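Heads up, the thing below is written out as structure tokens.
The values are calculated or read from the model by the stated rules, or taken from the named source; none is laboratory data. Nothing here was measured: the structure is a model prediction, and the numbers come from that model. Reconstructed Cβ throughout: ideal geometry from the backbone, glycine too, with neighbour counts over all protein chains shown.
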Amino acid sequence: MILRQMTVADLPAVMAIERAMFPLDAWSEGMMRGELADMPRSRHYVVALVDDEIVAYAGLAAAADQADVQTIAVLEKHQGTGIGSAMLTELLAEARRRRVREIFLEVRADNPRAQAVYRHFEFEEIGTRRRYYDDGTDAIMMRRKLDG
Ligand SMILES: CC(C)(COP(=O)(O)OP(=O)(O)OC[C@H]1O[C@@H](n2cnc3c(N)ncnc32)[C@H](O)[C@@H]1OP(=O)(O)O)[C@@H](O)C(=O)NCCC(=O)NCCS
């Protein structure tokens with residue numbers, strides 16, 4: 001498995017994964033392009049390749065001493081093989097390089113799998129955003145403090 005920075009050329013493969021993994025609330029290609037346009041200033045996006053094929057991606061937004069995990073997804077076939085962990089580790093490393101002190105994220109209340117992964121990475125629940133998602137599902141807000 002290879003991790004590298006995402007580029008605009010990766011968008012077709014990334015958007016295919018986005019639509020497969022988030023059928024209810026996939027980002028548009030325009031949103032993803034907007035994120036890449038802010039790289040490296042305030043964004044850090046990576047893709048993971050297995051046998052030269054993009055199978056996962058993740059992105060961080062950073063401003064001053066705070067950051068957000070914007071998105072993370074691994075193709076179903078490759079889940080549970082450590083790719084999500086490798087990408088989260090890279091986002092945390094980038095946050096440290098940027099002197100971030102707190103990382104936040106939102107996760108669907110009906111996604112216990114992702115919540116478990118984040119808890120594993122020492123994110124803690126800090127609150128709920130009621131009906132945050134378009135289908136009425138709550139978002140759980142999580143935070144991980146870094147040393148700064
Ligand atoms: C959440 C997600 C990114 C995790 O990535 P992944 O590559 O599958 O995760 P990993 O293989 O790195 O596993 C991370 C941890 O999850 C746990 N885990 C692994 N497989 C699991 C499974 N089948 N069920 C529950 N937990 C599991 C383990 O605790 C593992 O830690 P370990 O290092 O002790 O083994 C991935 O499952 C995914 O893309 N899900 C769909 C999209 C999504 O929900 N994104 C998050 C939106 S907020």
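Things worth noting here:
- Filtered by the rule that a residue be aliphatic (A, V, I, L, M) and either over 27 Å from D110 (Cα atoms) or free of Cβ contacts under 8 Å to residues at least 12 places away in the same chain (or both), segment 1-24 gives M1, I2, L3, M6, V8, A9, L11, A16.
- With respect to the conditions (1) within 11 Å of the ligand (Cβ to nearest atom); (2) closer than 26 Å to M1 by Cα; (3) surrounded by 16 or more Cβ atoms within 10 Å (Cβ to Cβ); (4) of a type in the set (G, A, S), A95 falls short on a single one, namely (1).
- A86, sole failed condition from (1) touching a strand residue (DSSP E or B) at 6+ places or on another chain (Cβ under 7 Å); (2) within 11 Å of the ligand (Cβ to nearest atom); (3) closer than 23 Å to L24 by Cβ: (3)
- All of G136, G80 fail the test of being surrounded by fewer than 15 Cβ atoms within 10 Å (Cβ to Cβ), free of Cβ contacts under 8 Å to residues at least 12 places away in the same chain and within 8 Å of the ligand (Cβ to nearest atom), apart from G80.
- The set of residues from segment 28-43 being buried (at least 17 other Cβ atoms within 10 Å of the Cβ) and either more than 22 Å from R99 (Cα to Cα) or within 16 Å of the ligand (Cβ to nearest atom) (or both) comprises M32, E35.
- Highlighted here are the helices (runs of 4 or more DSSP H) found entirely within segment 3-115 that include at least 1 residues which are within 21 Å of I140 (Cβ to Cβ) and not hydroxyl-bearing (S, T, Y): 11-21, 83-97.
- Among residues of segment 25-46 that are in contact (Cβ under 8 Å) with a residue 60 or more places away in the chain, those with a beta-carbon under 9 Å from a residue that is loosely packed, with under 13 Cβ neighbours inside 10 Å and part of a loop (DSSP other than H, G, I, E, B) at least six positions away or on a different chain give the pairs D25/D134; D25/D135.
- Test: residue in segment 119-137 that is closer than 30 Å to D52 by Cα and either more than 15 Å from the chain's Cα centre (by Cα) or modelled with pLDDT of 95 or more (or both): yes
- Condition check for Y57: over 18 Å from E18 (Cβ atoms), buried (at least 20 other Cβ atoms within 10 Å of the Cβ) and either away from the ligand (no atom under 16 Å from the Cβ) or in contact (Cβ under 8 Å) with a residue 12 or more places away in the chain (or both): no
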